[in-house]
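Take a look at the structure set out below.
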Amino acid sequence: MPLKTNTQHIGQSFFSLSIFPYFRIKKQYDMKKNSALRWMLATIIFVSISTRTTAQGGEEDSKSVHKGTITLDAYYGFPNIILNSLKQELASSNTKTKYTSTNTGPMGIRGEAFIADHVAFGLDVNYSAGSVFWEEETNSNSNIPKIVKNDISFTRLRVLAKCNFHFGATEKFDWYAGGGIGYNSTVFTKHVDGEESYYSPYESIFTYFSAFPLSWRINFGGKYYFTDNIGAGVEIGLSGGPLASACISAKF
């Protein structure tokens, strides 16, 4: 039977009512997204004007990408937003709980096929995972202190169909902006002393990140090609993947 009472007092110390942390997390996340969006839009406008000016003096066949090009990227990014949210709640608890954590990703692959010199459609698949571990002292029926081991783990998979507009003004550089929409699967698992538990003081975090099976993304990025086929790049974006990432890219 799931353990429901061993973590009751830590739940009360984290959240007096479950609805309050939900809106706090949402407010903090939305503020970060709005700030990043303003910065990203300003950067897109600047790069768009710069690359168009450069392109006026170049030949069409000198572009790094064009109709018929296929690109494939492998990338790793940061931050792991779910893991950071769990760690923040633990760090801010009144119990001064000490914790450890593990982190994977976000990382992924994405590919594009150019249907025109500046327009490409593709697919983006990214994955992230993490765990937090902590111990707490409780009193048993005999008033003998007992150390309870807790952990929360999660996995997150997102698959998005995307469309990007590529400025492609020079032979080596490829700047682009776009977005996409697709599937989101986020699964949480909570254990107390090795047994799965359905009670957790983190219900608001679970709900916020896993309530909807849909994912969306707005992104802006750039690549530099060292050779005709191999390059590296960076991308920033909102939702649907890492806030920032670096990639190795191949084009055919």
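Here are Val234, Val187: which of them is within 25 Å of Gln88 (Cβ to Cβ) and either part of a strand (DSSP E or B) or not aromatic (Phe, Trp, Tyr) (or both)?
Values: Val234 fails: within 25 Å of Gln88 (Cβ to Cβ).
Among Val234, Val187, only Val187 is within 25 Å of Gln88 (Cβ to Cβ) and either part of a strand (DSSP E or B) or not aromatic (Phe, Trp, Tyr) (or both).
Just give me the residues in region 161-178 being assigned to a strand (DSSP E or B) and buried (at least 19 other Cβ atoms within 10 Å of the Cβ), in sequence order. Break it down into steps so the answer makes sense when it comes.
First pass over region 161-178, keeping only residues assigned to a strand (DSSP E or B): 161-166, 173-178.
Residues satisfying the conditions are Lys162, Asn164, His166, Phe173, Asp174, Trp175, Tyr176, Ala177, Gly178.
Being more than 31 Å from the chain's Cα centre (by Cα), assigned to a strand (DSSP E or B) and β-branched (Val, Ile, Thr) narrows it down to one residue among Thr138, Thr155; which is it?
Values: Thr155 fails: more than 31 Å from the chain's Cα centre (by Cα).
Among Thr138, Thr155, only Thr138 is more than 31 Å from the chain's Cα centre (by Cα), assigned to a strand (DSSP E or B) and β-branched (Val, Ile, Thr).
Provide a single number: the residues in region 111-135 that are part of a strand (DSSP E or B) and closer than 22 Å to Asp73 by Cα. Please lay out each step first, then the result.
Within region 111-135, the first condition is being part of a strand (DSSP E or B), and the residues that meet it are 111-114, 119-135.
Filter again for closer than 22 Å to Asp73 by Cα, leaving 111-114, 119-129.
Counting residues in region 111-135 that are part of a strand (DSSP E or B) and closer than 22 Å to Asp73 by Cα gives 15.
Can you tell me which residues in region 80-110 are under 18 Å from the mean Cα position of the chain (by Cα) and not in a helix (DSSP H, G or I)? Before you say what the answer is, go through the steps one by one.
We begin by selecting, within region 80-110, every residue under 18 Å from the mean Cα position of the chain (by Cα); these are 80-88, 101-110.
Selection gives Asn80, Ser101, Thr102, Asn103, Thr104, Gly105, Pro106, Met107, Gly108, Ile109, Arg110.
Taking region 112-137 on its own, how many of its residues are surrounded by 15 or more Cβ atoms within 10 Å (Cβ to Cβ) and more than 30 Å from Lys162 (Cβ to Cβ)?
4
Among residues belonging to region 138-160 that are in contact with a helix residue (DSSP H, G or I) (Cβ under 7 Å, 6 or more places away or on another chain) and under 20 Å from Gly108 (Cα atoms), point out the one that is surrounded by the fewest Cβ atoms within 10 Å (Cβ to Cβ). Show your work before the answer.
The first filter runs over region 138-160 and keeps only residues in contact with a helix residue (DSSP H, G or I) (Cβ under 7 Å, 6 or more places away or on another chain), leaving 152, 154, 156.
Subset that is under 20 Å from Gly108 (Cα atoms): 154, 156.
Working: Phe154: 22, Arg156: 24.
Selected residue: Phe154.
Taking the criterion of being in contact with a strand residue (DSSP E or B) (Cβ under 9 Å, 6 or more places away or on another chain), in a strand (DSSP E or B) and surrounded by 16 or more Cβ atoms within 10 Å (Cβ to Cβ), would at least one residue in region 194-204 satisfy it? Give the derivation first.
In the first step, residues of region 194-204 are kept if they are in contact with a strand residue (DSSP E or B) (Cβ under 9 Å, 6 or more places away or on another chain); the result is 194, 196-200, 202.
Restricting the remaining residues to those that are in a strand (DSSP E or B) gives 196.
If we keep only those that are surrounded by 16 or more Cβ atoms within 10 Å (Cβ to Cβ) as well, we get none.
The answer is no, given that none of the residues of region 194-204 is in contact with a strand residue (DSSP E or B) (Cβ under 9 Å, 6 or more places away or on another chain), in a strand (DSSP E or B) and surrounded by 16 or more Cβ atoms within 10 Å (Cβ to Cβ).
Among the residues of region 85-137, how many are modelled with pLDDT of 95 or more and among the basic types (Lys, Arg)?
1
Take region 205-216 and flag every residue that is surrounded by fewer than 21 Cβ atoms within 10 Å (Cβ to Cβ), assigned to a strand (DSSP E or B) and either touching a residue at least 40 places away in the same chain (Cβ under 8 Å) or in contact with a Cys (Cβ under 6 Å, 6 or more places away or on another chain) (or both).
First pass over region 205-216, keeping only residues surrounded by fewer than 21 Cβ atoms within 10 Å (Cβ to Cβ): 206-214, 216.
So of that shortlist, the ones also assigned to a strand (DSSP E or B) come out as 214, 216.
Hit for region 205-216 is Trp216, nothing else.
Report, by residue number, each residue of region 228-252 that is within 26 Å of Tyr183 (Cβ to Cβ) and of a type in the set (A, V, I, L, M). So that I can check it myself, show each step before the final result.
Start the filter on region 228-252 by keeping residues that are within 26 Å of Tyr183 (Cβ to Cβ), which leaves 233-250.
Matches in region 228-252: Val234, Ile236, Leu238, Leu243, Ala244, Ala246, Ile248, Ala250.
From (1) without any contact (Cβ under 8 Å) to a residue 12 or more places away in the chain; (2) β-branched (Val, Ile, Thr); (3) closer than 27 Å to Ser64 by Cβ, pick out the condition that doesn't hold for Val125.
So the condition that Val125 fails would be (1).
The values are calculated or read from the model by the stated rules, or taken from the named source; none is laboratory data. A quick note: this is a predicted structure, and the numbers were derived from the prediction, not measured. For neighbour counting, all protein chains shown are included, and Cβ atoms are generated from backbone atoms with ideal geometry for every residue, glycine included.
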